[in-house]
Amino acid sequence: MVKDFTAGPLAKEMFVFSLPLMASNLLQVLFNMSDLAVVGRFSGFTALGAVGSTSILVTLFTGFLIGISSGVNVLAAFYTGAKRQHDLDFTVHSAGILCLFAGVILGFTGILFSRPVLLLLGTKPELLDGALRYFRIYMFGMPALGIYNFCNGALSAEGDTRRPLFFMMFAGILNVALNLFFVLAVGLAESGVAIASVLSQYTAAGMALIFLFRKKEGVRLGQKNIRFDIYKTARMLKIGIPAGIQYGIFGFANLFIQAGVNSFDASVVSGNAAAANADPLVYDVMAAFYTAGACFIGQNHGAGKKDRIRRSLFLSMGYAFCTALLFGFFLFFEGGLFLSLFTKEAAVKSAGLERLQIMAFSYCISAFMDSLIAASRGLGKTVMPTIFVIFGSCIFRIVWVYTVFARFRTLTALYLLYPISWTLTAIAEAVYFIRIFRQEFPSGPAGKSRIPDIRRD
């Protein structure tokens, strides 16, 4: 059933809508963390470091697919709010082809350039072969991730977040079981957990596709006389490519951070890999509220409801901030317990704790930046937020690595760039959103929006 977010109690609806998204994201992170947990505890810290050395590259590629799917989400939410089923059908079919193609291209690119990129990052010689095995196999799952993110974005646009949760839960349980099978029974380490991830990704994508082909209303696939629509694909790319670049920019900038981490010994690299598992754990739970904010803003944008757009932003930001704060308290005071999931080595834990002590109360700062980016995307604006991210979270971080970190050469000096870059980017994003919001709704509490490139298609 298609849900209408243009009326009703906003705070409750957004929170209830976010819970399945949160659970789905959390499950996805936990199951991905199982890759590191299994190899770290059963294959040693060298395998942990090898898999961990690829984490930023994996985030770079998967983040771009998530960004492309956000274009699907925004456009589908807009047509859902505007009650335009015909346009919604064209959008969904075009989006499925687009996301599959993007996954194939990214997978091929990752396999082809994995060695030179890992060497460029200064991956330790003792970790390189294992990192290559893991990353190249993992890249075969990119088409499946493209399809799953398409299905997830399209379904959440009409308010259905429970079924993607079910698909991810089933695939995640399979991932954990296969991790243990390939590592313990078969004797594979990095290769085993990569194969398990790929198989679980195709399982989730297959289940989502079958569901969409069986649907009869709203977001659906397989209707007669539905064709690939170039115009709507262009609209999705106009939103999705800058959004994908935003995710990619974070990953690109983090490559330089990973290069800084790689300048330390293997135990520090492994400790950073273990502690970095907290990042997607926190980010992806917070992301549920950003997705909710974009969906609610997208539908109310289609309906031209100014006040609900503004309230959706503040609720999304508040929920994400409080969630990050709770995670921060746990990681600050129980960081050792968290790291014990991945390693038994004292030196590895010590390096990981240094990262967690800084990051624990920094995550909540990112809530301001990311909620504003999602809100701008909900209004169909992504170019300027991408430019702000390029300067605030990419160029600034690279400059920091080659100046502040190069001067002090400590992990603390390296990790401090996260909260500082988030603060600078959030300020720029806030100024921009206020400006476009006032342009979009110049007067009146319920004035219609003015985005002709979407309304006239």
Q: State the number of residues belonging to the stretch 129-145 that are out of contact with any Phe, Trp or Tyr (no Cβ under 8 Å at 6 or more places or on another chain) and either open to solvent by less than 20 Å² (accessible area, probe 1.4 Å) or without any contact (Cβ under 8 Å) to a residue 12 or more places away in the chain (or both).
A: 7
Q | Of the criteria (1) in a helix (DSSP H, G or I); (2) aliphatic (A, V, I, L, M); (3) under 25 Å from Leu27 (Cα atoms); (4) modelled with pLDDT under 80, which one Ile239 fails | A | (3)
Q. Which ones in the stretch 107-141 are of a type in the set (A, V, I, L, M, F, W, C) and within 18 Å of Thr46 (Cα to Cα)?
A. Leu118, Leu119, Leu121, Leu127, Leu128, Ala131, Leu132, Phe135
Q | Evaluation of Thr343 against (1) at pLDDT 85 or above; (2) over 20 Å from the mean Cα position of the chain (by Cα) (one fails), failing number | A | (1)
Q. Residues Ala278, Ala303: which one is crowded, with 23+ Cβ neighbours inside 10 Å and either over 28 Å from Ser55 (Cβ atoms) or aliphatic (A, V, I, L, M) (or both)?
A. Ala278
Q: Name every residue in the stretch 319-346 that is open to solvent by less than 30 Å² (accessible area, probe 1.4 Å), hydrophobic (A, V, I, L, M, F, W, C) and assigned to a loop (DSSP other than H, G, I, E, B), in order of residue number.
A: Phe342
Q. Quick one: is Ala347 within 23 Å of Val261 (Cβ to Cβ) and either free of Cβ contacts under 8 Å to residues at least 12 places away in the same chain or among the aliphatic types (A, V, I, L, M) (or both)?
A. yes
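To keep it simple, each residue is scored yes or no on (1) modelled with pLDDT of 70 or more; (2) open to solvent by 20 Å² or more (accessible area, probe 1.4 Å); (3) under 17 Å from Gly352 (Cα atoms).
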site	(1), (2), (3)
Ser18	yes, no, no
Asn25	no, yes, no
Leu36	no, no, yes
Gly49	yes, no, yes
Q: Filter the stretch 73-96 down to residues that are touching a Phe, Trp or Tyr at 6+ places or on another chain (Cβ under 6 Å) and not polar (S, T, N, Q) and give me whichever is surrounded by the most Cβ atoms within 10 Å (Cβ to Cβ).
A: Ala95
Q. Does Arg163 satisfy being at pLDDT 90 or above and among the basic types (Lys, Arg)?
A. no
Q: For residues that are over 11 Å from Leu339 (Cα atoms), part of a loop (DSSP other than H, G, I, E, B) and among the polar types (S, T, N, Q), scanning just the stretch 256-282, find the one that is nearest to the chain's Cα centre (by Cα).
A: Asn262
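So which of Ile390, Ile434, Ile427 is open to solvent by 10 Å² or more (accessible area, probe 1.4 Å), assigned to a helix (DSSP H, G or I) and at pLDDT below 90? If you could, list the steps in order and put the result at the bottom.
Details: Ile434 fails: at pLDDT below 90; Ile427 fails: at pLDDT below 90.
That would be Ile390, the only listed residue that is open to solvent by 10 Å² or more (accessible area, probe 1.4 Å), assigned to a helix (DSSP H, G or I) and at pLDDT below 90.
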(Q) Based on this model, can you work out whether Glu126 counts as acidic (Asp, Glu) and either open to solvent by less than 40 Å² (accessible area, probe 1.4 Å) or within 18 Å of the chain's Cα centre (by Cα) (or both)? (A) no
Q. Among the residues of the stretch 200-214, is any open to solvent by less than 50 Å² (accessible area, probe 1.4 Å), under 19 Å from Gly130 (Cβ atoms) and among the β-branched types (Val, Ile, Thr)?
A. no
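The values are calculated or read from the model by the stated rules, or taken from the named source; none is laboratory data. The structure displayed is predicted, hence computed values, not measured ones. Because the Cβ atoms are built from the backbone with ideal geometry, glycine has one as well, and the counts that use them run over all protein chains shown. Only protein heavy atoms, including side chains, enter the accessible area calculation; ligands, DNA and RNA are left aside. Shrake-Rupley method; radii C 1.70, N 1.55, O 1.52, S 1.80 Å.
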